[in-house]
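S.K.: Sharing a structure with you now.
Values quoted throughout were computed directly from the atomic coordinates according to the rules given, and no laboratory measurement underlies them. Fair warning: this is a prediction, and the values are worked out from it, not measured in the lab. No Cβ is skipped: glycine too gets one built from the backbone with ideal geometry, and neighbour counts run over all protein chains shown.
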Amino acid sequence: MKTTFVGAGAMGGLIGGIMTEAGEDVQLVDIWEEHVLAIKERGIEIQRDGESRSVALDITTDFRETRPADLVIVFTKGYDTPEAARAASHVLAPGGVVLTLQNGLGNAEVLAETLPPDVVIAGTTAFASTLLGPGRLLHGGAGPTHIGAFAGAPREKVEGVAALLNRVGIPTEVQDDVDSLVWTKFLLNCAANAVVALCHMNNGDIMNLPVTMELSEGLLKEGLAVAESLGIRIRPDIMDYYWKVLKEVGKNRASMGQDADARRRTEIDTLNGAIVRLGRERGMETPLNFALTALIKTWENQYLKK
């Protein structure tokens, strides 16, 4: 199966590197020229548990330079999904499928506006990665990946993607309720990402202080109430699951923290900001999510102006 990654940052670079090491036919596309140049010159450096390895990748800044792909994996930021969809439509081979493992809500819907909905597969992964600099990343944790058809993708296609990921060492399960999949990961991100960014810490540091844990739990509970009002089925043990996942990726710095560190635009609008928006549409107050959305957007505005 020929695979192309659209977005080769922390997560795209990590998963693309793992698949390449396993001998799969992989190409990657990313618009960050310095990052792509570093990978072309030295390979991508992957650090984990005090050790480092370098993986040579087939990478470019121009999706038009890639060959047709049976599988396109989208790992861009949520606000870049429209452009990623256009790239995917060009790259995708007949009969191929597109998998989004992005953070936030609405990415599959955006892809389906440009691509046939029945080629879109959505999912989540508990793998964690921190981008340390151009061509360098820290593999901060590993966990299960779940994927499912967004709008009618054939079951055998979804199972084929899962088989590929399992074969390269990324434990993956197929799940029918894709909304539950995406919302569960979304709620976990809303509980952690903005806190990690604002407090200049790693994921696991949330558990160092009771008041920080209480804040994080409150963010999750607000989001859970919104999900339930929308009829989204969420696993009943989500709170225990959250703390379990946080331990597994404790050494990682959430992507929003990485973006703020690099003075980049964050995904706050598709995370906590989405909770606020959906809550208001339902007549529900979400004060904790509003406060963190306002703080991140204010901070972001300050550094982007400079």
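S.K.: Would you mind putting 274-280, 89-95 in packing order, based on average other-beta-carbon counts within 10 Å, highest first?
M.R.: Top to bottom by mean Cβ count within 10 Å: 274-280, 89-95.
S.K.: Can you compute the helix-only [θ] at 222 nm over the chain? Use -39500 (n - 2.57) per DSSP H run of at least 4 residues, normalise by all residues, nearest 500 deg cm²/dmol.
M.R.: -14500 deg cm²/dmol
S.K.: Next up: How about the range 219-303: which GluC sites (Glu not before Pro) there lie in a loop by DSSP and see at most 15 other Cβ atoms within 10 Å?
M.R.: Taking the range 219-303 and a limit of 15 other Cβ atoms within 10 Å, the loop GluC sites (Glu not before Pro) found are Glu285.
S.K.: What spacing in nm lies between the two simple spin-label points modelled at Glu285 and Tyr303, each 7 Å away from Cα in the Cβ direction?
M.R.: Each label point is offset 7 Å from its Cα along the Cβ direction, giving 3.1 nm.
S.K.: How far is it, in nm, from the label point at Glu159 to the one at Ser54 when both lie 7 Å from their Cα along the line to the Cβ?
M.R.: 4.2
S.K.: When a footprinting reagent is the concern and you count Cβ atoms within 10 Å, what order do Val98, Val249 take, fewest first?
M.R.: Going from sparsest to densest Cβ surroundings: Val249, Val98.
S.K.: Taking 0.36 nm per residue of sequence separation and subtracting the Cα-Cα distance, how much length would be gained by fully extending the chain between Asp237 and Val211, in nm to one decimal?
M.R.: That pair, Asp237 and Val211, stretches by 7.2 nm at full extension.
S.K.: Right, something else. Identify all lysines with a Cα-Cα distance to Lys77 below 22 Å; exclude those on the same chain that are fewer than 8 residues away in sequence.
M.R.: List returned: Lys185, Lys251, Lys297, Lys305, Lys306.
S.K.: Evaluate the distance, in nm, between pseudo-label points positioned 7 Å from the Cα of Lys247 and of Ala151 along their respective Cα→Cβ axes.
M.R.: Between Lys247 and Ala151, the label points sit 4.0 nm apart.
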